[in-house]
Amino acid sequence: MAAPFALDDDSVVVIVGSGAGGGTLGNELAQQGIDTVILEAGGRHEIADFVNNEWEMFGKISWLDARTTSGSWRVAHDFPGLPAWIVKAVGGSTVHWAGASLRFQAHEFRARSEYGAVHGANLLDWPLTLEELEPYYDRAEDKMGVTGTHGIPRLPGNNNYKVMAAGAERLGYTKYHTGNMAINSQPRDGRGSCLQIGFCFQGCRSGAKWSTLYTEIPNGEDTGHLEVRSQCQVLQIDHDDTGRVTGVVYADADGVQQRQKARVVCVAGNSIESPRLLLNSASAMFPDGLANSSGQVGRNYMRHMTGSVYAVFDKPVNMYRGTTMAGIIQDEAHLDPARGFVGGYEMETLSLGVPFMAAFLDPGGWGRDFAWAMDHYDHMAGMWLVGEDMPQETNRITLHPEVKDQHGLPAPDVHFDDHQNDIRMRAHAFAQGSAVYEAAGALKTYHTPPYPSTHNLGTCRMSERPEDGVVNKWGQTHDIPNLFVSDGSQFTTGGAENPTLTIVTLAIRQAEHIGREMAAGNL
Amino acid sequence: MRTIDKRLRVSRRRFLASGTATAAGVGAVAGGAVVIAPAGSWAESPANLSPEAASTLLKMARDIFPHDALDDSYYQRAIGGYDAEAAEDADLKAMIEDGTAALNTRAQARHGAAYADIENEDDRVGLLHEIETTPLFRKLRADLVVSLYNQTEVWQRLGYEGPSADQGGYINRGFDDLDWL
Ligand SMILES: Cc1cc2nc3c(=O)[nH]c(=O)nc-3n(C[C@H](O)[C@H](O)[C@H](O)COP(=O)(O)OP(=O)(O)OC[C@H]3O[C@@H](n4cnc5c(N)ncnc54)[C@H](O)[C@@H]3O)c2cc1C
Ligand code: SF4
């Protein structure tokens, strides 16, 4: 049967969310001829709706439903109602992402074995190896057109990159380049090449940057096997008395509740909404929420060790011109406990426009020093620091006892405390970031604290044994065979790398598994 | 490399078309471009707030984000919404009136002048530090960080070119023209 599908059609696979995980999975299933419905809470904003304006785009497509924060992390102080920067729209956060696409390193899949027991950390090895994932990484990179892979040339370096590269060279670093970016450096896959517009975080007006919005989703729809229903927010997952899921309840664009039947349900709402949905689906049979026999749903929330370094030079940089994040130093990404921490970090170019720079450079800051920095905006270069943070059981998404969202459901509380390892890594990264810019001649450097989380991971983690995590190596929940998790929530540990390439890789692999299991009559 | 002229020069056409500019007067024509002159000063003739509150707010705004290159009109625009909001929102009005009055009482006691009349910037900033945790200060700072820095005209004065897609991006306009390293 061709899309659209009926509400009572119980042969469809239902996917919650249309971002990196959900959008990719939907297309991959549709390509196999599997009828699939993606329910997406946000609206459908095509490229023509994108504007080169930071606050306007933020207001238009961010996830702004009620959320609360707790814990000692700086974000809870600076942005108490906005723990994460996530997109609520068809395409999910791939509309706003920067495109940095790095593979995990082999040892990062074996964090517990490689790092040993780290006090307070709930480390675990992935039930997967880099070797097993390599063929799928290949497919993901090819799909997304990642520069520096598969013979695709790297992007040209912009001014912000030039400054970082000069500092890196003078400091003796050797692994720096313009990155592995899911941004066309030449026309590919029916999309043009990067015009160096410089608003990657606001949606790419040229379509050069990969987003499920205008790649996976239309490709899937073209098969007739994929239907994407926008402005449909899933509120609850249903199950029968055998403990298998049977469909979902969602609120449609008019706020009317609908029930979509399903043969398989895949949750890909990003790592705050996915566990929240499982918890909000608690029933008499599953009083602690779905797929939560391990008690790990919502726990081990990771957001990467992050921070930014901005530097002012005596001559203009104009860092905002061109790609937001096409530049990387990888010399600190390896494992070297002699630095005082386990795991590694990446240094990536980053630019914010004046409106976001004012809001994020020094949250709460004011006065002459602050104004001086803003007066030198055009003389600034910037980088983002992103490294592996430690999973901790107490860093978690819970249902708030009082605060409710617009549908009357408990809002998620995001609790986070930095681990000592995160703090030591951040201190090291700040010092190295400053050293890079000082080597390039910086007059002054700024250490900017973390932004609301853009990398949200780990809240339904993968594990070999059902008691250690929520899903198996296919993203299938240990407890409920026809319930899958298909986004960054699956990550057992975070690695140093930006997560999306791995999310897409896992989605491709999961789609193959679901197809195989359906053909074998197991799903 | 192509650098930005941070002095404010906008073409007459763009100037007249832009919504925020309508409140401001058009000043002398310099070198073919129109230079923005201060608007008919809102702070001097508020409709709902007291003149003292308005002038105190304006000086506070300048002292919170002091950019010597920006004249008062930018700050007036940034706080311009409060007067109308105060008509609708009694709590806001009270917060502004009471908060600025308290600051002026403090200013009189310490320096013998209303806040806006204290000559020495360090003296004024010292007072602001004392009230840093008050609701008025926090609100004003949090609002200003958006309402001041989200003005297109301010972008140019800070050397930020803003939207670029309609001009074809920076691929041919200097994305990699840095030449001083
Ligand atoms: C500014 C920015 C820059 C970034 N840059 C990079 C980068 O360079 N490299 C990188 O690897 N990553 C980057 N990221 C992170 C990247 O965007 C995410 O890792 C990735 O998109 C996560 O994929 P996902 O499928 O888990 O979730 P998302 O892509 O966020 O998609 C989740 C979708 O689910 C929907 N949804 C949630 N709950 C429900 C519900 N109950 N019912 C229906 N729909 C629901 C949401 O509306 C959303 O559309 C960036 C993120 C941001 C915000
Ligand atoms: S810089 Fe390139 S990738 Fe980024 S928004 Fe512009 S065209 Fe797209």
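The values are calculated or read from the model by the stated rules, or taken from the named source; none is laboratory data. Everything numeric here is computed off the predicted structure, so don't read it as measured data. With ideal geometry, Cβ positions are generated from the backbone for all residues, glycine too; neighbour counts draw on all protein chains shown. SASA here: full protein model, heavy atoms, side chains in, ligands and nucleic acids out. Shrake-Rupley method; radii C 1.70, N 1.55, O 1.52, S 1.80 Å.
Taking 41 Å as R0, compute the FRET efficiency from the Cβ-Cβ separation of A:A519 and A:A106 and round it to 0.05. Let's see the in-between values first.
Values: r = 32 Å, r/R0 = 0.77.
It comes to 0.80.
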>> Can you tell me the orientation of helix A:270-280 relative to chain A, as the angle in degrees between its alpha-carbon axis and the longest Cα principal axis, to the nearest 10?
In response: 30 degrees
>> Viscosity 0.890 mPa s, temperature 25 °C: give me the Stokes-Einstein translational D for chain A in µm²/s, with Rh taken as the Kirkwood radius over C-alpha pairs.
In response: 107 µm²/s
> What average number of partner chain Cβ atoms lie no more than 10 Å from the Cβ of the residues making up B:62-70?
Replying inline: 4
> Residues with beta-carbon under 15 Å from that of A:G17, excluding A:G17: net charge, scoring Lys, Arg +1 and Asp, Glu -1?
Replying inline: -3
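Do any of B:K59/B:K139; B:K93/B:K139; A:K88/A:K143; A:K88/B:K139 go past 18 Å between their Cα atoms, and which? It would help to have the intermediate numbers written out before the result.
Values: B:K59/B:K139 15 Å; B:K93/B:K139 13 Å; A:K88/A:K143 23 Å; A:K88/B:K139 28 Å.
A:K88/A:K143; A:K88/B:K139, as the Cα separations exceed 18 Å there.
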>> Rounded, prolate or oblate for region B:40-161? Axes are the square roots of the Cα gyration tensor eigenvalues, ordered a ≥ b ≥ c, and the cut-off for rounded is a/c under 1.5.
In response: oblate
> From the phi of every residue in region A:138-149, what ³J(HN,Hα) in whole Hz does the Karplus formula 6.51 cos²θ - 1.76 cosθ + 1.60 yield, where θ is phi - 60° and glycine or proline is x?
Replying inline: 4, 5, 5, 5, 5, 4, 8, x, 6, 5, x, 10
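When DSSP assigns beta bridges and you keep just the ones with both residues in the protein assembly as shown, what percent turn out antiparallel, to the nearest 5? Mind showing how you got there, number by number?
On the way: 49 of 70 bridges.
In the protein assembly as shown, approximately 70 percent of DSSP beta bridges are antiparallel ones.
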>> Taking the solvent-accessible surface of protein heavy atoms with a 1.4 Å probe, what is the per residue accessible area of the protein assembly as shown in Å²?
In response: 35 Å²
> By how many degrees, 0 to 90 and rounded to 10, does the Cα axis of helix A:500-519 deviate from the longest principal axis of chain A?
Replying inline: 20 degrees
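Calculated FRET efficiency, B:E132 and A:E131, Cβ-Cβ r, R0 51 Å, to nearest 0.05? Walk me through the numbers on the way to the answer.
Numbers: r = 56 Å, r/R0 = 1.09.
So, using R0 = 51 Å, E works out to roughly 0.35.
Taking the Cα centre of region A:288-417 as origin and charging only Cβ (+1 Lys, Arg; -1 Asp, Glu), how large is the dipole, in debye to the nearest 20? Working shown, then result.
Numbers: 8 positive and 18 negative charges, 46 e Å.
Charge dipole, region A:288-417, about its Cα centre: 220 debye, nearest 20.
Buried accessible area for the B:A pair, summed, 1.4 Å probe, in Å² rounded to 100? Write down the numbers at each step before the final one.
Details: alone 10380 and 17910 Å², together 24680 Å².
Buried area (both sides, nearest 100 Å²): 3600 Å².
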>> From the P(r) of region A:232-325, could you give the percentage of C-alpha pairs in the tail past 20 Å?
In response: 54 percent
> Angle, helix A:420-439 long axis vs. longest principal axis of chain A, Cα atoms, 0 to 90°, nearest 10?
Replying inline: 40 degrees
>> For region B:65-100 and region A:295-350, what is the centre-to-centre distance using only Cα atoms, to the nearest Å?
In response: 38 Å
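Provide the net charge surrounding B:D177, with neighbours chosen by a C-beta distance below 11 Å and charges set as Lys +1, Arg +1, Asp -1, Glu -1.
Summing Lys/Arg as +1 and Asp/Glu as -1 gives +2.
Compute, for chain A, the length of the dipole vector about the Cα centre, with Cβ point charges of +1 (Lys, Arg) and -1 (Asp, Glu) only. Units Debye, rounded to 20. Don't skip to the end; give the middle numbers.
Values: 40 positive and 62 negative charges, 200 e Å.
With Lys and Arg at +1 and Asp and Glu at -1, about 960 debye.
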> Per-residue mean of other chain beta-carbon atoms within 10 angstrom of the beta-carbon, peptide B:147-156?
Replying inline: 4
